[in-house]
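Chemist: Dumping the structure here so I can ask a few things about it.
The values are calculated or read from the model by the stated rules, or taken from the named source; none is laboratory data. Given the structure is predicted, the values throughout are model-derived calculations rather than measurements. Quick reminder, even Gly has a Cβ in these numbers, built from the backbone with ideal geometry, and neighbours come from all protein chains shown. For the accessible areas, the whole protein counts, side chains as well, though only heavy atoms, and no ligand, DNA or RNA atoms are used. Shrake-Rupley method; radii C 1.70, N 1.55, O 1.52, S 1.80 Å.
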Amino acid sequence: MTSKNTPAADQSAADKTAELSPPANSGDGANKMWGGRFSMGPAEVMEQINASISFDQRLYAQDIQGSKAHCNMLIAQGIVSNEDGDAILKGLDTILREIEAGDFKFSAALEDIHMNIEARLRELIGDAAGRLHTARSRNDQVAVDVRLWVRDSLDQLDSKLAELQEALIEKAEVYADSVMPGYTHLQAAQPVTFGHHLLSYVEMLGRDRGRVRDCRARLNECPLGAAALAGTSFPIDRQATAKALGFDRPTANSIDSVSDRDFALEFLSLGSILAIHLSRFAEELVIWCSEGFRFVDLSDAFTTGSSIMPQKKNPDAAELVRGKAGRVIGSLNTLMMVMKGLPLTYGKDMQEDKEPLFDATDTLALCVAATTGMVRDLSANEARLKAATAAGFLTATDLADWLVRVLNLPFRDAHHITGSIVQRAEAAGCDISELPLTEMQAVEPRITDAIFEVLTVESSAASRTSQGGTAPEQVRKAAAEARTRFL
């Protein structure tokens with residue numbers, strides 16, 4: 001049996017590599033990466049619109065990671081000799097160190113991160129560098145790079161969201177007994193506890209983390225080996241490269257492998273939902289910090305002043321989190337517009353996936369960090385929270401429930417009676433808990449003074465003991481369970 005590393009096998013690989021890899025010099029003015037097909041270089045504006053190195057250099061670590069896995073597979077399959085393979089691997093390690101040290105010079109003339117690394121590799125090790133691109137294309141190369149980058153970003157996002165959840169849980173435990181108005185339509189509705197309100201965001205973020213993990217599971221297939229679109233005639237081992245890069249399996253179809261960016265769309269989709277959740281919390285912080293509420297205080301660390309009004313203390317961090325949601329949603333819309341009309345397989349339009357992806361990732365990381373900081377920083381003004389419960393007849397539902405429970409009235413009848421009592425209290429300029437018993441009995445004679453036991457906001461909140469309710473004992477239980485589920 002002939003060894004895979006025989007000179008004949010190496011020569012065959014070299015012949016095929018020559019078709020895929022350009023010579024070191026390909027003519028004056030021509031793009032040296034294309035070889036003889038082009039006799040002149042690109043117009044200046046073409047170079048500007050075509051180059052992506054200004055932003056895709058962020059993929060350097062993933063590009064080198066994918067190249068090393070590909071090289072190791074080529075060595076194992078006898079497609080590249082051990083000697084050339086070792087030189088390639090050492091050269092890639094050198095390039096990684098250069099980039100991380102800030103010593104690498106990126107060139108727009110070389111278009112992208114892939115060509116920049118390949119050109120530098122050729123400078124370091126000579127013609128052996130050209131063998132690295134055997135049995136792959138920039139199409140599957142960038143597809144694997146971006147998947148690796150998104151996967152890393154998802155892992156980092158999941159970790160940071162857990163920290164935000166932990167901060168919310170800690171605050172919820174501190175304020176488990178602090179009664180405040182709960183709102184519908186931004187109108188005071190029923191008493192809740194501040195801790196219960198904070199835990200609602202823990203649940204939202206938990207679903208966000210579920211979407212993060214779902215996205216990660218779906219994208220975790222390796223497109224390396226799909227080549228340009230049709231696969232390759234070289235005897236590659238796609239299982240080996242997938243395993244080396246931590247993917248669950250290779251992608252099943254070479255056309256699909258290079259032509260879709262649904263994993264990036266899914267990332268931006270879940271990022272948009274997360275940004276909306278963060279924005280809603282930020283909006284509440286803005287409201288709670290306003291003069292009409294003063295439910296919470298943020299320190300100087302997360303507020304700013306005014307250039308003209310010395311008394312101002314503005315919740316700018318929250319406002320910016322609220323505003324930046326638009327950037328993330330805009331990034332999703334950008335990529336959807338890029339992808340919506342593309343025929344299979346690859347079009348250069350798909351180069352436009354990276355800037356919105358990178359921008360959304362940076363924006364989300366900043367917003368999550370800022371929100372976590374604000375949660376840890378905020379202090380609730382419990383006196384203001386309690387005072388706000390005096391308006392809006394917050395215990396009206398408790399009165400209706402008492403009529404059902406004690407007098408055995410149908411709820412709709414109890415609802416009508418309670419509405420009439422609220423109308424009397426409003427006319428008298430008092431809360432229903434302050435309305436004389438005789439006024440209530442004028443509406444429903446069977447009401448007794450026992451009704452006043454359920455008309456305090458504390459008793460109202462404490463009575464909501466159903467699973468997921470606002471009772472302080474349930475808040476503490478829910479916080480403990482949330483620690484188990486999420487942290």
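Chemist: What do you reckon, is Gly341 open to solvent by less than 80 Å² (accessible area, probe 1.4 Å), free of Cβ contacts under 8 Å to residues at least 40 places away in the same chain and under 30 Å from Ile113 (Cβ atoms)?
Modeler: Numbers: open to solvent by less than 80 Å² (accessible area, probe 1.4 Å): yes; free of Cβ contacts under 8 Å to residues at least 40 places away in the same chain: yes; under 30 Å from Ile113 (Cβ atoms): yes.
Against the criterion (open to solvent by less than 80 Å² (accessible area, probe 1.4 Å), free of Cβ contacts under 8 Å to residues at least 40 places away in the same chain and under 30 Å from Ile113 (Cβ atoms)), Gly341 qualifies.
Chemist: Scan the range 287-311 for residues that are outside any helix (DSSP H, G or I), without any contact (Cβ under 8 Å) to a residue 12 or more places away in the chain and not hydroxyl-bearing (Ser, Thr, Tyr) and jot them down. Steps first, please.
Modeler: Restricting attention to the range 287-311, the residues satisfying the condition of being outside any helix (DSSP H, G or I) are 290-299, 303-311.
Restricting the remaining residues to those that are without any contact (Cβ under 8 Å) to a residue 12 or more places away in the chain gives 290-292, 305-311.
Listed by number, the residues that qualify are Glu291, Gly292, Gly305, Ile308, Met309, Pro310, Gln311.
Chemist: Still on this structure, please answer the following. Looking at Gln48, Gln65, which is the one that is open to solvent by 60 Å² or more (accessible area, probe 1.4 Å), under 15 Å from Gln351 (Cβ atoms) and in a helix (DSSP H, G or I)? Quick ask: steps written out before the conclusion?
Modeler: Details: Gln65 fails: under 15 Å from Gln351 (Cβ atoms).
Answer to the check: Gln48.
Chemist: Take the conditions open to solvent by 40 Å² or more (accessible area, probe 1.4 Å), more than 30 Å from Leu157 (Cβ to Cβ) and without any contact (Cβ under 8 Å) to a residue 60 or more places away in the chain and apply them to Thr465. Does it pass?
Modeler: Values: open to solvent by 40 Å² or more (accessible area, probe 1.4 Å): yes; more than 30 Å from Leu157 (Cβ to Cβ): yes; without any contact (Cβ under 8 Å) to a residue 60 or more places away in the chain: yes.
Judged against the criteria, Thr465 is a match.
Chemist: So which residues in the range 226-249 are open to solvent by 10 Å² or more (accessible area, probe 1.4 Å) and touching a Pro at 6+ places or on another chain (Cβ under 8 Å)?
Modeler: If the condition is that a residue be open to solvent by 10 Å² or more (accessible area, probe 1.4 Å) and touching a Pro at 6+ places or on another chain (Cβ under 8 Å), then Arg238, Gln239 are the ones that fit.
Chemist: Is it true that Ile273 is touching a residue at least 12 places away in the same chain (Cβ under 8 Å), assigned to a helix (DSSP H, G or I) and over 23 Å from Leu364 (Cα atoms)? Can you show your working first?
Modeler: Values: touching a residue at least 12 places away in the same chain (Cβ under 8 Å): yes; assigned to a helix (DSSP H, G or I): yes; over 23 Å from Leu364 (Cα atoms): no.
The answer is no for Ile273.
Chemist: Taking the range 80-107 as the region of interest, how many residues are among the hydrophobic types (A, V, I, L, M, F, W, C), under 16 Å from Leu59 (Cβ atoms) and assigned to a helix (DSSP H, G or I)? Walk me through it before giving the result.
Modeler: Residues of the range 80-107 among the hydrophobic types (A, V, I, L, M, F, W, C): 80, 87-89, 92, 95-96, 99, 101, 104, 106.
Applying the additional criterion that residues be under 16 Å from Leu59 (Cβ atoms) yields 92, 95-96, 99, 104, 106.
Narrowing further to those that are assigned to a helix (DSSP H, G or I): 92, 95-96, 99.
Here the count works out to 4.
Chemist: Kindly provide the set of residues from the range 444-469 that are more than 29 Å from His196 (Cα to Cα) and either assigned to a loop (DSSP other than H, G, I, E, B) or in contact with a Lys or Arg (Cβ under 7 Å, 6 or more places away or on another chain) (or both), ordered by number. First the steps, then the outcome.
Modeler: Here is the first cut: in the range 444-469, the residues more than 29 Å from His196 (Cα to Cα) are 444-449.
Matches in the range 444-469: Glu444, Pro445, Arg446, Ile447, Thr448.
Quick grid of which residues meet (1) charged (D, E, K, R); (2) within 24 Å of Asp359 (Cα to Cα); (3) assigned by the TED database to the domain that holds Leu357; (4) touching a strand residue (DSSP E or B) at 6+ places or on another chain (Cβ under 6 Å):
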residue	(1), (2), (3), (4)
Ala61	no, yes, no, no
Asp93	yes, no, no, no
Ser107	no, yes, no, no
Leu110	no, yes, no, no
Arg122	yes, no, no, no
Ile125	no, no, no, no
Leu154	no, yes, yes, no
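Chemist: Could you please find all residues in the range 96-123 being surrounded by 15 or more Cβ atoms within 10 Å (Cβ to Cβ), without any contact (Cβ under 8 Å) to a residue 60 or more places away in the chain and over 18 Å from Leu74 (Cβ atoms)? Don't jump to the end; show me each part of the working.
Modeler: Let us first name the residues in the range 96-123 that are surrounded by 15 or more Cβ atoms within 10 Å (Cβ to Cβ), namely 96, 98-99, 104, 106, 109-122.
Narrowing the set further to residues that are without any contact (Cβ under 8 Å) to a residue 60 or more places away in the chain leaves 96, 98-99, 104, 106, 114, 117, 120-121.
Passing the criteria: Leu96, Glu98, Ile99, Phe104, Phe106, Arg120.
Chemist: Here's something else I'd like to know. Considering only residues that are closer than 16 Å to Phe393 by Cα, touching a residue at least 60 places away in the same chain (Cβ under 8 Å) and among the aliphatic types (A, V, I, L, M), which ones fall in the range 180-209? Explain how you work it out, then say what you get.
Modeler: Let us first name the residues in the range 180-209 that are closer than 16 Å to Phe393 by Cα, namely 180-192.
Within this subset, residues satisfying the condition of being touching a residue at least 60 places away in the same chain (Cβ under 8 Å) are 180-182, 187-192.
The answer is Met180, Ala188, Ala189, Val192.
Chemist: Residues in the range 468-487 that are open to solvent by 70 Å² or more (accessible area, probe 1.4 Å) and not aliphatic (A, V, I, L, M): how many? If you could, list the steps in order and put the result at the bottom.
Modeler: First, pick out the residues of the range 468-487 that are open to solvent by 70 Å² or more (accessible area, probe 1.4 Å): 473, 476-477, 481, 483-485, 487.
Next, only the ones that are not aliphatic (A, V, I, L, M) stay: 473, 476-477, 481, 483-485.
Final tally of qualifying residues: 7.
Chemist: Which pairs have Cβ atoms under 8 Å, sit 6 or more apart or on different chains, and link a residue in the range 425-445 that is open to solvent by 70 Å² or more (accessible area, probe 1.4 Å) to one that is in a helix (DSSP H, G or I)?
Modeler: What qualifies is Glu434/Ala425.
Chemist: Moving on. Check whether at least one residue in the range 128-135 is open to solvent by 20 Å² or more (accessible area, probe 1.4 Å) and at negative phi, and report yes or no.
Modeler: So far as the range 128-135 goes, yes, one or more of its residues are open to solvent by 20 Å² or more (accessible area, probe 1.4 Å) and at negative phi.
Chemist: If I filter the range 402-419 for residues that are small (Gly, Ala, Ser) and buried (at least 19 other Cβ atoms within 10 Å of the Cβ), do I get at least one hit? Even if it seems obvious, please write down each step before you answer.
Modeler: Keep residues of the range 402-419 that are small (Gly, Ala, Ser), which gives 414, 419.
When the remaining residues are screened for being buried (at least 19 other Cβ atoms within 10 Å of the Cβ), the result is 414.
The answer is yes, given that some residue of the range 402-419 is small (Gly, Ala, Ser) and buried (at least 19 other Cβ atoms within 10 Å of the Cβ).
Chemist: Out of (1) open to solvent by 20 Å² or more (accessible area, probe 1.4 Å); (2) without any contact (Cβ under 8 Å) to a residue 12 or more places away in the chain; (3) over 25 Å from the mean Cα position of the chain (by Cα), the odd one out for Glu284 is which?
Modeler: Looking at each condition in turn, Glu284 falls short on (3).
Chemist: When you scan the range 344-400, how many residues do you find that are open to solvent by 50 Å² or more (accessible area, probe 1.4 Å) and among the acidic types (Asp, Glu)?
Modeler: Residues meeting the conditions: 5.
Chemist: Still on this structure, please answer the following. Being open to solvent by 30 Å² or more (accessible area, probe 1.4 Å) and in contact (Cβ under 8 Å) with a residue 60 or more places away in the chain is the requirement here; does Asp177 meet it? First the steps, then the outcome.
Modeler: Values: open to solvent by 30 Å² or more (accessible area, probe 1.4 Å): yes; in contact (Cβ under 8 Å) with a residue 60 or more places away in the chain: yes.
Against the criterion (open to solvent by 30 Å² or more (accessible area, probe 1.4 Å) and in contact (Cβ under 8 Å) with a residue 60 or more places away in the chain), Asp177 qualifies.
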